[in-house]
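Following: one structure in structure tokens, then a few remarks.
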Amino acid sequence: MDFGVVLQTNPPASRTVQLSQLAEAHGFSHVWTFDSHLLWEEPYVVHSAILNATRRITVGPFVTNPATRDWTVTASVFATLNEMYGNRTICGIGRGDSAVRVTNGKPVSMSELRESIHVIRELANSRPVEYKGATLQFPWSRGSELDVWVAAYGPLALKLTGEVGDGFILQLADLDIASWMIKVVKDAAAAAGRDPDSIAFCVAAPMYIGEDLEHMRDQCRWFGGMVGNHVADIVAKYGTSGEVPQALTDYIAGRTGYDYNSHGRAANDHVDFVPDEIVDRFCLLGTAEQHIAKLEALREIGVTQFAGYLQHDNKEETMRVYGERVIPALTEHITAKR
């Protein structure tokens, strides 16, 4: 299992770079950042600084979208960063959430998402692609490599991920829900003639090392509100029963609204509808031993990367304990099994 951290590009940017350097020092393989150019600083500028200040970490957006960014420009950013720093970039992409909704926009259609993945991946891998009636290729790009991982929740998005994604991003760490979604993606991959085991499966959730459970819950309750936006869209489309697990829909019954100005922040003041049970199920909270146990369970159902959100007041200590105890424990466990 690989390990990543998910950061917001809040000013000063030097702080994001510093946290990325710490992540690399503690053994994390990936640094991901939010991509909402109005709510936070422009991520790709910060990505360049992170790559310049590190040696091996892989960097990418968590996640970008095809609505607010021109697809060819996005591909050019990745190809340029790869030329400058080696092939150390990755693209997480979805239909569009905070970056789109804060301007009263809407997520793109499944067909647009599918096409954007193809265009971005081909161009950023130094290959030609058909786009708007023209054959495009970066004449300056040689040997660039980019994987595109798709963030998804609903059945149609999960199916698309299995058909075209290099990886799957699930932003919650509930074992039952993750198991169901991974199966849907793998089944779709197999039906499309792909090897399901070739797909990376990334579960992302707040990680907090500590012993004060009430405080940890309060620091991470924002995550249930963020996930609730996606679930609300799914429930509106599919209802509260049927293809979508009941466990994924029950908790949003008390949800009345959402302010994107508090998106992804521990101080979010309108997530009271998220109960403690959901915080515990969706996040990784507690001692190193508790984190290790849940991560081993996630690995057993097919998760290949855990990406921990660090939007709380214990960033450095959490990364330190992961570097000294959690990551080695998972690595040693895998080595012993082999």
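Computed from the coordinates by the stated procedures, all read-outs in this text should not be read as laboratory data. What you see is a predicted model, and the numbers here were worked out from it, not measured in a lab. So basically every Cβ, Gly included, is an ideal-geometry build from the backbone, and we count neighbours across all protein chains shown.
Each label was represented as a point 7 Å from its Cα along the Cα-to-Cβ direction; for Q137 and E317 these points are 5.5 nm apart. For A307, the residues whose modelled amide H falls within less than 5 Å of its own, excluding neighbours fewer than 5 places apart on the same chain, are G4, V203, A204, A205.
For a test of the definition: using alpha carbon positions, the gyration tensor, and the 1.5 limit on a/c, classify segment 101-182 as rounded, prolate or oblate. Prolate shape, in that a/c is at least 1.5 and a/b is the bigger ratio. Under a 5 Å amide H cut-off, with hydrogens placed 1.01 Å from N, A200 pairs with G167, F168 among residues at least 5 apart or on other chains.
For segment 136-179, the orientation-averaged shadow of the C-alpha convex hull comes to 4.6 nm² (one quarter of the hull surface).
P(r) tail for segment 178-225: Cα pairs beyond 13 Å make up 66% of the total. In segment 158-197, one over the average inverse separation of all distinct C-alpha pairs is 10.0 Å, which is the Kirkwood hydrodynamic radius.
Applying the Karplus relation 6.51 cos²θ - 1.76 cosθ + 1.60 with θ = phi - 60° to segment 286-291 yields 3J(HN,Hα) values of x, 6, 4, 4, 5, 5 Hz, where x marks Gly and Pro.
Calculate the FRET efficiency for L22 and T331 from the Cβ-Cβ distance with a Förster distance of 25 Å, rounded to the nearest 0.05.
0.85
Note on segment 1-41: along the principal axes its Cα atoms extend 33, 19, 6 Å, ordered by decreasing extent. Here is the result for segment 285-337: no GluC sites (Glu not before Pro) lie in DSSP coil with at most 14 other C-beta atoms within 10 angstrom of their C-beta. The loop-placed trypsin sites (Lys or Arg not before Pro) in segment 1-80, going by DSSP, that have at most 13 neighbouring Cβ atoms within 10 Å of their Cβ come out as R55, R56.
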